[in-house]
1. Once neighbouring chains are kept in place and the probe is 1.4 Å, which whole percent of the accessible area of the chain is contributed by carbon and sulfur?
2. Kindly provide the trypsin sites (Lys or Arg not before Pro) of the stretch 13-112 that DSSP labels as loop, not H, G, I, E or B, and whose Cβ sees at most 10 other Cβ atoms within 10 Å.
3. Which of Ile57, Ile124, Ile73 ends up with the largest GNM mean-square fluctuation for the chain, with Cα atoms connected below 10 Å?
4. What relative contact order, as a whole-number percentage, does the chain give when Cα pairs under 8 Å and 6 or more residues apart are counted?
5. Place a +1 charge on the Cβ of each Lys and Arg in the chain and a -1 charge on the Cβ of each Asp and Glu, then give the dipole magnitude about the Cα centre in debye, rounded to the nearest 20.
6. Pairs to check: Lys3/Lys95; Lys93/Lys115; Lys15/Lys93; Lys7/Lys75; Lys7/Lys115; Lys21/Lys93. Give those whose C-alpha atoms are more than 27 Å from each other in this structure.
7. From a point 7 Å beyond the Cα of Phe11 in the direction of its Cβ, which residues of the stretch 84-114 have a backbone N at a distance under 13 Å?
8. Given (1) 10.7; (2) 8.1; (3) 7.4 as candidate values of mean projected area of the Cα convex hull in nm², which corresponds to the one derived from the coordinates?
Amino acid sequence: MIKPIVKDVLFLNQKSETATKDDIIVGRDLTDTLQANIDHCVGMAANMIGVKKKIIIVNMGIANVVMYNPNIIHKDSPYETEEGCLSLSGVRKTKRYQNIEVEYVDSQWKKHRQKYSGWTAQIIQHEIDHLHGIII
């Protein structure tokens, strides 16, 4: 189901809770909502649709990947960039890392450990920040 985008900074500044198997439907809602905004959005966190759970979705070009309870376990090569967000107007400067390694579970509750770099790594970092109540 397509959900409205939350723009309430007080809500977005709150930390998300650990996702459980009962939250699989939130991943589907994120998928529908990202698809509805795909012309101007490359990723979303569950709090952006009003759910304070550790769930993100990232457009990786040919596929949208939903990550439950993602955690960055390694990062290197910091750089400064500017980002926008559906929940905010304009762009803001932020620090990101060129290379990251992430642990997460998928919708089958299978664990993954994956390395990402460049643009995909930047999107993941932005969305994981949302889960910690950090907005650019």
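1. Of the solvent-accessible surface of the chain, carbon and sulfur hold 50 percent.
2. Values: sites: Lys15, Lys21, Arg28, Lys52, Lys53, Lys54, Lys75, Arg92, Lys93, Lys95, Arg96, Lys110, Lys111; in loops: Lys15, Lys52, Lys54, Lys110.
Loop-located and lightly packed - Lys110.
3. Ile73
4. Values: 277 pairs, mean separation 36.4, N = 136.
For the chain, the relative contact order is 27 percent.
5. My answer is approximately 240 debye.
6. Pairs exceeding the cut-off: Lys3/Lys95; Lys7/Lys75; Lys7/Lys115; Lys21/Lys93.
7. Those under the cut-off are 87-88.
8. The listed entry that was calculated here is (3).
The values are calculated or read from the model by the stated rules, or taken from the named source; none is laboratory data. In this text, all values refer to a predicted model and were calculated from it rather than measured experimentally. Please note: Cβ atoms are built from the backbone with ideal geometry, for glycine as well, and neighbour counts cover all protein chains shown. What goes into the accessible areas is simple: the full protein's heavy atoms, side chains included, and nothing from ligands, DNA or RNA. Shrake-Rupley method; radii C 1.70, N 1.55, O 1.52, S 1.80 Å.
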